[in-house]
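Inspection log for the structure reproduced underneath, given as structure tokens.
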Amino acid sequence: MALVTAGVVVLDCVEPEKLAAFYKQLLEAEETDASANRVEIRGADGVRLAFRRDVTATPPSWPRPENSLQVHLDFLVEDLDEAERRVIGLGGRPIETKDAAGPFEERGYADPAGHSFTLRCSRPTAPKQG
């Protein structure tokens, strides 16, 4: 038996119930545990996320340098446009990047609490560079 095993990724936020609802819908997940200060979910693929109350939490500002990247999540999708509509419909927002032109295999977003994440195509749509 391993001495240390993978646990759960925990995101600090002011309102864990609201952030858990966002990811629960995005990932079609189920709530597995909840207390006054923490909510945990598990996606159909087994990925576990938790959301912990921190009343002093400051949303990350990535890609700006001040209070930038604290954590970054990657999610695989088959259709970027469809997934983007879902993210925005659930209250997420696109994060602008330096190069906004051309075909993309991934796109950046922020969840309702400001944590950044990326949607990546599960299969490449553009020719490999180099």
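Efficiency by 1/(1 + (r/R0)^6): what FRET value for SER122 and HIS72, r their Cβ-Cβ distance, R0 = 22 Å, to the nearest 0.05? Present the calculation step by step, with values, prior to reporting the outcome.
Values: r = 18 Å, r/R0 = 0.82.
So, using R0 = 22 Å, E works out to roughly 0.75.
How many nm separate the modelled label positions at ASP79 and GLU30, each set 7 Å beyond the Cα in the direction of the Cβ?
Each label point lies 7 Å from its Cα, and together they span 2.7 nm.
Laboratory data are not the source of any read-out in this text; all were calculated from the coordinates shown. All figures in this text were calculated on a predicted structure; none of them were measured in a lab. Every residue, glycine as well, gets a Cβ built from its backbone with ideal geometry; the counts of neighbours run over all protein chains shown.
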